[in-house]
1. Looking at the structure I just gave you, is A:ALA100 surrounded by 15 or more Cβ atoms within 10 Å (Cβ to Cβ), more than 30 Å from A:GLY221 (Cα to Cα), out of contact with any strand residue (DSSP E or B) (no Cβ under 6 Å at 6 or more places or on another chain) and facing chain B (nearest Cβ under 9 Å)?
2. B:GLU92 passes all but one of (1) more than 7 Å from every other protein chain (Cβ to nearest Cβ); (2) in contact (Cβ under 8 Å) with a residue 60 or more places away in the chain; which number fails?
3. Within segment A:294-314, restricting attention to residues that are closer than 18 Å to A:PHE172 by Cβ and among the aliphatic types (A, V, I, L, M), which residue is nearest to the other protein chains (Cβ to nearest Cβ)?
4. Taking the condition assigned to a helix (DSSP H, G or I), within 7 Å of another protein chain (Cβ to nearest Cβ) and farther than 27 Å from A:VAL304 by Cβ, does B:VAL63 pass?
5. Whether any residue in segment A:190-200 is closer than 25 Å to A:ARG309 by Cβ, surrounded by fewer than 16 Cβ atoms within 10 Å (Cβ to Cβ) and either among the hydroxyl-bearing types (Ser, Thr, Tyr) or in contact (Cβ under 8 Å) with a residue 24 or more places away in the chain (or both) is what I want to check.
6. Kindly provide the set of residues from segment B:32-46 that are closer than 14 Å to A:LEU69 by Cα and either of a type in the set (A, V, I, L, M, F, W, C) or surrounded by fewer than 21 Cβ atoms within 10 Å (Cβ to Cβ) (or both), ordered by number.
Amino acid sequence: MSLLPVFDLGLAVLVLAVAGWTIAARELFSSVVGYVAYGLLLAIVWVRLYAPDVALTEAAIGSGVTGVLLVTSGARLRRAGEGEAVAPGLSQRALAASLAVLVAAALAAVVLLLPEPPPTLAPEARERLAATGLGNPVTAVLIAYRSFDTMLEKVVLLLAVVGVWSVAPDRFWGGAPAPLGRARPQGALLFLDQALVPLGILVGIHIFWVGADEPGGAFQGGAILAAMWMIVMIARLTGPPRIGARWLRLALIAGPAVFPAAGIAGLGMAGNFFAYPAGFAKPIILFIEAFMVLTIAVTLPMLVAGPPRGSPEP
Amino acid sequence: MSAATLAGLVGAALVGLGLYGLIVNPQPLRKILAFNLIGSGVFLIFGIVARRGASAGFPFDPVPQAMVITGIVVAFAASALGVALILRLHEETGAITLDLDASTRPPGEGARDT
């Protein structure tokens, strides 16, 4: 136990150093690589805060999928020539630095002066946990206590997809996004796909399934499935689908549609919007989560693939 | 100092670092990256609120943790939308900068790919 404070301090220094590197690095690519490493380190910090669910999400989405997004978009920009952006002068940098230090100091003061005793909703969450049939309180908050938030978050994801698609020129509407990987598939990438993807799909479904009782859940499992689809696309084993494809549209709206449907069903069966009838809470929660997994697994790669770039004809 | 307080101070420093990068880095993609640093710093501060709220046998308060998970997903969606806007801006003007003077200049040769 006596080594833990040293570990924490070392981890904190490492996180800050890597974060500083992502800001200071000259090249976009090295900066993004730094960001991915930073996300993984941050996941360890989350584990130290007793938040394995957040750690999984941070590692999968905050670090992994965001990293892929920035690498592919950086490559698309570089293919078209480097930008001629001008860095600000020394006085502007000094001003920005002092503003940043001021904000950080104010936040640090807030952290040190947090109220005592700390406010908490944990007793309420514990009290009702048995009624949901779940063992993981974070999943219970996401799908039962605050299901409205989670439903709206699904809608935000859908709106983001609509937003990304809508910046495409009119003539490409309904077509497929540009391919993610290089033109010629590489042997190592193909081997990785063959070895990793079947296993990854199993792991993704497992993480979703155990999320009811253990760390994990729909977000984390869906993000792993999304990653599997993305590495298949990066190896060019398959291209991004046409955005007009019916199955794609159905998969994208499955989560946001099933959620309010379950809410309205609750109105009929248990007398309140989003109320789950006693004894059936867990099956209903898993049913909603299954559609959420599908939607997340499809939405994240479509957000990374970007707006359509091909002809709408199949 | 407890691990939670240390993590909170790291969060505060991350917000500062991200803010500096957001202002100083001229490339829009780097700005999005810096913005994500700010976001993760805010999540971390919220994370220590969750850790401090440990009671009723849980080592954490599950409500802030669930909100952080939602937040990470929404932050990614916002980043993806921002990236799409930057790529489109570049396609239209040939520039990869948010500098208004630079984007009204005629684009360099070969920069326009549509």
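The values are calculated or read from the model by the stated rules, or taken from the named source; none is laboratory data. The structure presented is a predicted model; accordingly, all values stated were derived computationally and were not measured. Cβ atoms come from the backbone with ideal geometry, glycine included; neighbour counts cover every protein chain shown.
1. Values: surrounded by 15 or more Cβ atoms within 10 Å (Cβ to Cβ): yes; more than 30 Å from A:GLY221 (Cα to Cα): yes; out of contact with any strand residue (DSSP E or B) (no Cβ under 6 Å at 6 or more places or on another chain): yes; facing chain B (nearest Cβ under 9 Å): yes.
Answer is yes for this residue.
2. Tallying (1) more than 7 Å from every other protein chain (Cβ to nearest Cβ); (2) in contact (Cβ under 8 Å) with a residue 60 or more places away in the chain, B:GLU92 fails exactly one: (2).
3. Residue satisfying both the conditions and the ranking: A:LEU303.
4. Numbers: assigned to a helix (DSSP H, G or I): yes; within 7 Å of another protein chain (Cβ to nearest Cβ): yes; farther than 27 Å from A:VAL304 by Cβ: yes.
Here the answer is yes, as B:VAL63 does meet what is asked.
5. Yes: segment A:190-200 contains one or more residues that are closer than 25 Å to A:ARG309 by Cβ, surrounded by fewer than 16 Cβ atoms within 10 Å (Cβ to Cβ) and either among the hydroxyl-bearing types (Ser, Thr, Tyr) or in contact (Cβ under 8 Å) with a residue 24 or more places away in the chain (or both).
6. Just the residues of segment B:32-46 that are closer than 14 Å to A:LEU69 by Cα, to begin with: B:32-33, B:36.
Answer for segment B:32-46, where residues must be closer than 14 Å to A:LEU69 by Cα and either of a type in the set (A, V, I, L, M, F, W, C) or surrounded by fewer than 21 Cβ atoms within 10 Å (Cβ to Cβ) (or both): B:ILE32, B:LEU33.
To keep it simple, each residue is scored yes or no on (1) at negative phi; (2) at pLDDT 85 or above; (3) aromatic (Phe, Trp, Tyr).
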{"site": "A:ALA160", "(1), (2), (3)": "yes, yes, no"}
{"site": "A:TRP165", "(1), (2), (3)": "yes, yes, yes"}
{"site": "A:ARG171", "(1), (2), (3)": "yes, no, no"}
{"site": "A:PRO198", "(1), (2), (3)": "yes, yes, no"}
{"site": "A:GLY211", "(1), (2), (3)": "yes, no, no"}
{"site": "A:TRP229", "(1), (2), (3)": "yes, yes, yes"}
{"site": "A:PRO241", "(1), (2), (3)": "yes, yes, no"}
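Each row is one residue, and each column tells you yes or no for (1) modelled with pLDDT under 90; (2) of a type in the set (S, T, N, Q); (3) under 19 Å from A:PRO52 (Cα atoms).
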residue	(1), (2), (3)
B:ALA13	no, no, no
B:TYR20	no, no, no
B:ASN25	yes, yes, no
B:LEU44	no, no, yes
B:GLY57	yes, no, yes
B:PHE60	yes, no, yes
B:VAL63	yes, no, yes
B:HIS90	yes, no, no
